[in-house]
Amino acid sequence: MTTGSVEETVSVSSRNVEELSDSLKTFGALDYVVFAAMLVCCSAVGLYFGYQDHMKHKRSRRNRRGSIIEVEAIDYLMGGRNMKVFPVAMSLVASFVSGITLLGTSTEIYLYGTQYCYIAIAIILSALIMHFTIIPVFHELQITSTYEYLQRRFDKNVRLFGSIMFSLATILWLPIVIYVPALAFNQTTGINIHIITPLVMSICIFYTSLGGIKAVVWTDVIQMILMYGTLFLIVIKGTMNVGGLSVVIERNAASGRFEAPNFDFDPTVRHTFWTIVIGGTIFWVNTNGLNQNMIQRYMSLKDVRTARKGQMMYVIGVSFMIFLCCFNGLLLFATYHDCDPLTTKLAKAKDQLMPLLVMEILKDIPGLPGLFIAGVFSAALSSLSTGLNSMSCVILEDFCKPFVKREISESMSSLIMRGTVLVIGLLAVGLVYVVQHLGSVLQLSMSIPTACFGPMLGVYVIGFTLPWIGRRATLFAAMFACFSMMCLVFKAQAEIALGNINFETKPLTTEGCTYNFTLTSTLNATDVPHEENHEKHIWNISYLYYAPLGSSIVIITAFLLSFIFGFQDSSTVDSRLLAPFLRKYINSNESRKIQYMDASGKETVIHNFELKEDKNNVT
């Protein structure tokens, strides 16, 4: 095995790639003002809602005692369960559409073509599943943490395991979210990513800890306006620069980037119609229907009807956002169709392509590059604040309250929620050093959290649809599946980082470059194609199949383990814990008892579940 490096300097003009890169870093005073204004605006929203809630709770203390602790927690985490549908819908869009989506999706289309665009089908299918199952169940139960459901359906141990998996996935996801806009900022200003990430995270921690979910939602609305405005600006100006829409279509069609659905059943192909529709649907159900980040917003709305309305707005908003991102990917290629900036090192990382395009087309208009960077950071801040707020909810509701015998004081509750935001935020900044060496952020952001969320989806499927499977079989199956998926995902990411797994890109060329650059190629004996090198392993499967695989392992394993631990009597499961379309088929004595006691005016839901667990030797 031999390895060698060949460098070839390509000369086409007197200007080299470093000089061109420096000339594009024209982030002026007005751009910094626009960017700073966005950060100040977010901080002001946090201060406003923090002050509003403080005065509200101060007045409440004068009028009553005893229940104010719970009121403050509900206000901080759920907005009092009475928020307006439009800002919540916009917050849902902003929470999902991070800088990863804005930059990663465009890069995906530029490098690999339009196959990923069929994700729109998955979005619609996942929305239908949520509409008829998840939203009505969770709203009827009036839960605060998604993982409360697991205690009611199974026991405390399953709830704790689910909370741990969510926490781990969120901690792994947050540094990816902050890293992407830092790359954009570095491309446009030259400022090191490890300088900007602590600064922006500090702002996010500040307004999230002060204002709670209300500050998060309303800053998301402001950030959504910035994001849409930025993308529209790029689409219009960029299309005009290349010569019009017909030129964009013509150049992408000639390169084969417009793709019909690929119906290949091979699970190791990165993107096919089946991986995107099947894997994408399950992934979206997982991340949008069972993720605390998203459910917390649905639960901040007053009833099921309002939550469903918010979900429809969310689907429309996020689909349109992804369409704009995909078009910008086509615009990227139309602009750089004869001079790939990745090959020439004008863009040092894949996810710096969009910032490079922006500086190319907006550099002559002061303030607009700053608006783009503000938009990208707005997307990141919305996702960061969502993750931090959800983590504070999970830590308080799932890790503290169930294990503390006496009531947590008001000051301690506040300290736990705000302390969580601070600690997790600082940890995310530290993990940025790891993320920058792990490869494509779009795939990374959908792979690593899915190692945790995929198996948990299987747990919820059992909870919603299989009342005959009990808590022990489910818990052990989930633990086995999570361990298996983590091994698979981290092995796949390691292979990608080492260059052992590569994905074929669409044609790229440097024939039309008008500047000097050094072409570096590495020759390795292992790169010579041999039949044995085409052997595929389990870690070669598409990252979109991680969620279906993880959930399938849980369901199958839990079913098999039920032959050992015993099947559960379905009549002991409260029918409200099941998917609405199954309730009429389940004879649930427990649900009849709870409904009778509820009608008498007693608060007995949690108590009855504890009785059920004692009766079945669960606790």
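Structure values in brief
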{"read-out": "Label zone at Val404 (point 7 Å along Cα-to-Cβ), backbone N below 18 Å, the range 149-169", "value": "160"}
{"read-out": "Space enclosed by the convex hull of the alpha-carbon atoms of the range 317-395, per residue, Å³", "value": "125 Å³"}
{"read-out": "Calculated P(r) tail over 12 Å for the range 100-143, as whole % of Cα pairs", "value": "69 percent"}
{"read-out": "Cα shape, the range 179-226, gyration tensor, a/c 1.5 rule", "value": "oblate"}
{"read-out": "C-alpha center-to-center spacing [the range 352-388, the range 230-276] in angstrom", "value": "22 Å"}
{"read-out": "Relative packing of 200-209, 316-325, which averages over residues the other C-beta atoms within 10 Å, highest first", "value": "200-209, 316-325"}
{"read-out": "Cα gyration tensor, the range 254-366 - rounded (a/c under 1.5), prolate or oblate", "value": "oblate"}
{"read-out": "Amide H within-cut-off set for Asn516, under 5 Å, with H built and near neighbours excluded", "value": "Val12, Ser13, Arg15, Asn16, Val17"}
{"read-out": "Peptides ranked, highest mean first, by Cβ atoms within 10 Å: ranges 114-120, 502-508, 170-176, 556-562", "value": "170-176, 114-120, 556-562, 502-508"}
{"read-out": "For the range 304-351 versus the range 124-151, the gap between their alpha-carbon centres in whole angstrom", "value": "29 Å"}
{"read-out": "Long-range HN-HN contacts of Ala347 with modeled amide H, under 5 Å", "value": "Leu342"}
{"read-out": "Long-range HN-HN contacts of Gly470 with modeled amide H, under 5 Å", "value": "Gln568"}
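Taken together, the values in this text are just the output of simple stated rules run on the coordinates, not laboratory data. Note that this is a predicted model, so its numbers are computed, not measured. Positions of Cβ are backbone-derived with ideal geometry, glycine not excepted, and every protein chain shown enters the neighbour counts.
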